[in-house]
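What follows is one structure encoded as C-alpha cells, with my remarks underneath.
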Amino acid sequence: MQMENKIRFGSFEAVTFISNLICTKIFLYYTRLTVEDAATAGWISSIVSGLAAFLMLTVLLKMYKKFDDKDILDIAEIAGGKFLKIVTGAVITFSLFVLTVVVIRKFSEDMKIVSLPSSPLSYVMSFFLVGIAVACFFGLEAIVRFHAIVIPFIIAGYVFIMLGVTPQMDITNLMPFWGTGIDDILSKGFLRSSVYCELLVLFLLPPFLGGYKKITRVGYTAFALSAISLITSSLVYILANPYPSGMEPFLPIYNMTRLIAFGRFFQRIEALFVFTWAMAALLYLTSTFYFMVYTFAKTAGLKYIRPLVLPFAVIVFSAAFIPGSLMEVIRIEKNYIVTVGWIVAFVYTGLILAAASIRKSVRKEKCSK
C-alpha cells in the first residue's frame, strides 16, 4: 500500500472522522473531569474550554490560508527544511503514539471490568489491535468511509442516553452556580482545551480533502459538533448526579446509563452503551494509529505504509503495559494529556505556520527584487 495522498474524500466523512476523535473521551472520563475541576460549574468550565479552543483554531485556520492543500509536515519543511520536518514528524508521531497507548489501555481495562471480568487484559486488548491492524491494511479511505456509516448510529445512541436520564435530572444540582469559583472555571477551563488536541489531525488531512475552504468548513463543523456534545454531556451528567457523588463513578456515562429504565420491560439499557462505546473506541484507535504510522512513514520518506502496521501494533501492545495500573494511566492522562495537549495541538502548530509564513514572505520579497 503506497502513501495515499491521491485519495480524496468528502467533507461529511472528514467531519465524522474528526468529531469522533474529539468526542470519544465522553465515554471515558470527560464528564467526571469537569466535575473535579469546577464541581457544579463543570459545564461552564466546559464552555470556557470550547471558547479557548475555538479562538486558537480560528487563528490557526487563518494562518493556514496561505498553504492551500499542504499538510503540517509540508509546511514544516517550508519553514525549516528537512530538519524541522523531521522534528515535527517526531512530535506528531509521538503525540499520536501516546494517545493510542493510553486510550487502548483504558478502553481494554474498562471493557474487562464491564463485560469480561475473567479475561486477561492482553486477551481483551488483542481484539482492539486486530481490528486496528485490519482497518489499516484496508487503508485510509475505508477507515474514513466507515466513520461516515457508523458515527450517525453512535450519535443516535448518545442522544438516546442523554434523553433517557431526563427523569433523573434535578435543576438544583447546578447550585452553587459558580461551583468552586470563577478562578477554577477560567484557569482549568483553559487548560482543558487540551480535550480538543485531536484537532492536530485536521492539519494532516489537506492532501486528502484539498483546498483551504474545505479544511475550514470541516474544522469548524467538526469543532461545533464536538463542543456541543462535550458541553451537553457535562451538563446532563451534573443534572443527573448531585455533587459530590458525581466524582465517584469509575465510568461516569456508563453508570449514568444504569439509571435508565422504561417501565418493567425495558431495563439494563447499558448494553446499548457498551456497543456504542466499543465502536467509538475502535474507530478512535484506528484513526490515531493510522495517522501515527502515516506521519512516521512520510517523515522518513517511505513509500509504503503496510509493512509498518504490524511492527507498530506490537510496539503499541507492549507500551500499553508499561503503566503499572489503571490508576497510573488515569494519572498520566489527567496530569499530562488533558493539561498540556493544547501546547502541541495549537501552540506548536501555530509556531510552524508562523515560521512558514515568514519564510514564504521573505522568498516572495527576494523573487520580486
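The values are calculated or read from the model by the stated rules, or taken from the named source; none is laboratory data. Just so it is clear, the structure is predicted and the values come from calculations on it, not from any experiment. Please note: Cβ atoms are built from the backbone with ideal geometry, for glycine as well, and neighbour counts cover all protein chains shown. We work out accessible area using only protein heavy atoms, side chains counted, and drop any ligands, DNA or RNA first. Shrake-Rupley method; radii C 1.70, N 1.55, O 1.52, S 1.80 Å.
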- prompt: For the chain, what is the accessible area per residue in Å², given a 1.4 Å probe and the full set of protein chains?
  reply: 43 Å²
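Order W277, W178 by their accessible area, 1.4 angstrom probe, all chains in place, largest first.
Numbers: W277 0, W178 130 Å².
I get W178, W277, largest accessible area first.
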message: At a 10 angstrom cut-off on C-beta neighbours, averaged per residue, how do the peptides 294-306, 70-82 rank from highest to lowest?
response: 70-82, 294-306
field: From phi via Karplus (6.51, -1.76, 1.60), per-residue ³J(HN,Hα) for the stretch 35-51 in Hz, x at Gly/Pro
entry: 5, 5, 6, 9, 6, 5, 9, x, 5, 6, 4, 5, 5, 4, 4, x, 5
query: Ignoring ligands, DNA and RNA, what percent of the accessible area of the stretch 123-195 is carbon or sulfur (1.4 Å)?
result: 77 percent
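Let me check something: with ligands and nucleic acids excluded, how do F138, F289 order by accessible area (1.4 Å probe), largest to smallest? All intermediate terms of the calculation are to be shown ahead of the outcome.
Working: F138 155, F289 0 Å².
Ranking F138, F289 by accessible area, largest first, yields F138, F289.
Could you check how much of the accessible area of the stretch 73-118 is carbon and sulfur, as a whole percent, using a 1.4 Å probe?
Roughly 72 percent, rounded to a whole number.
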query: Per the helix-only calculation at 222 nm, which mean residue ellipticity applies to the chain, given -39500 (n - 2.57) for every DSSP H run of n ≥ 4 and division by its residues, nearest 500 deg cm²/dmol?
result: -23500 deg cm²/dmol
- request: Could you pull out every residue, at least 5 positions away or on a different chain, whose amide H is within less than 5 Å of the one on D69? Hs are placed 1.01 Å off N in the peptide plane, and Pro or chain starts have none.
  value: G211
query: Of V340, S245, F137, which is farthest on the positive side of the dipole of the chain, counting Cα position, with +1 on Lys and Arg Cβ, -1 on Asp and Glu Cβ, and the Cα centre as origin?
result: F137
- request: Scan around G179 for amide H atoms under 5 Å from its own, H built in the peptide plane at 1.01 Å from N, and keep only partners 5 or more places away or cross-chain.
  value: T40, A41
- prompt: Residue by residue, what Karplus-based ³J(HN,Hα) values in Hz, rounded to whole numbers, does the stretch 171-185 have, using 6.51, -1.76 and 1.60 with θ = phi - 60° and x for Gly and Pro?
  reply: 4, 5, 5, 8, 9, x, 4, 8, x, 8, x, 5, 4, 5, 4
- line: Which residues qualify? For L251, with a placed amide H closer than 5 Å and at least 5 residues away or on another chain, they are none
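Over 29 Å between C-alpha atoms is what I'm after, so list which of K112/K298; K66/K298; K65/K334; K70/K334; K112/K214; K62/K188 land there. Display every interim value, and only then the final one.
Values: K112/K298 36 Å; K66/K298 22 Å; K65/K334 34 Å; K70/K334 33 Å; K112/K214 40 Å; K62/K188 26 Å.
Exceeds cut-off: K112/K298; K65/K334; K70/K334; K112/K214.
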query: Each residue of the stretch 322-335 in turn: what ³J(HN,Hα) in whole Hz from Karplus with 6.51, -1.76, 1.60 and θ = phi - 60°, glycine and Pro shown as x?
result: 5, x, x, 7, 5, 5, 5, 4, 4, 5, 4, 5, 6, 7
